[in-house]
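K.L.:
Below: one structure in structure tokens.
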Amino acid sequence: MMETTVRGIPLWLLREYLQEVGGMADTGEWLSGAGWRARLTQVEDYTIGSLRVGQVRLEMEGEAEAVAQLRAKLEPKLLRGGG
């Protein structure tokens, strides 16, 4: 299982991203796609001084190639530019 924490993207939006790349709602917190499953969990905000940023734990499991493809598809969606 591969686990990462995503900052600055709300859980609902990350769920939408997973659906856009082929994920379908599974049981409970899980979404599944071709050869992979992912679970999203809201975690405590990341805090720097008075700034608070939401965080979501993303757990992915499945066939190594399928998980690698999922990561490659998600990465561009998770990039955020300053403004």
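K.L.:
Based solely on its DSSP helices, what 222 nm [θ] is calculated for the chain when runs of n ≥ 4 H residues each add -39,500 (n - 2.57) and the sum is averaged over all residues, nearest 500 deg cm²/dmol?
P.N.:
-9500 deg cm²/dmol
K.L.:
Counting only other residues whose beta carbon sits under 14 Å from that of residue 54, what net charge do I get with K and R as +1, D and E as -1?
P.N.:
Local charge sum for residue 54: +3.
K.L.:
If you fit an axis through the alpha-carbon atoms of helix 64-78 and take the longest principal axis of the Cα set of the chain, what angle between them do you get, 0 to 90°, nearest 10?
P.N.:
Result, in degrees: 30.
K.L.:
Please compute the net charge surrounding residue 39, taking Lys and Arg as +1 and Asp and Glu as -1 over other residues with Cβ under 11 Å from its Cβ.
P.N.:
Value of the local net charge: -2.
K.L.:
For the chain, build the charge dipole from Cβ charges (+1 Lys, Arg; -1 Asp, Glu) around the Cα centre, then report which of 50, 22, 32 sits farthest towards its positive end.
P.N.:
The residue sitting most towards the positive pole is 50.
K.L.:
After finding the eigenvalues of the alpha carbon gyration tensor for the stretch 1-76, what semi-axes result from the square roots of 5 times each, listed largest first in whole Å?
P.N.:
23, 12, 11
K.L.:
Any chance you could run the full-extension gain for residue 71 through residue 4? It's 0.36 nm times the residue separation minus the Cα-Cα distance, nm to one decimal.
P.N.:
Stretched fully, the residue 71-residue 4 segment lengthens by 23.0 nm.
K.L.:
So, one more: Placing unit charges on C-beta atoms (Lys and Arg positive, Asp and Glu negative, everything else neutral), compute the dipole magnitude of the stretch 2-78 about its Cα centre in debye, rounded to 20.
P.N.:
Numbers: 9 positive and 12 negative charges, 48 e Å.
With Lys and Arg at +1 and Asp and Glu at -1, about 240 debye.
Every read-out reported here was derived from the displayed coordinates using simple, explicitly stated rules and does not represent laboratory data. It should be emphasised that the depicted structure is a prediction, and the values quoted were computed from it without experimental measurement. Virtual Cβ from ideal backbone geometry, glycine too; neighbours counted across all protein chains shown.
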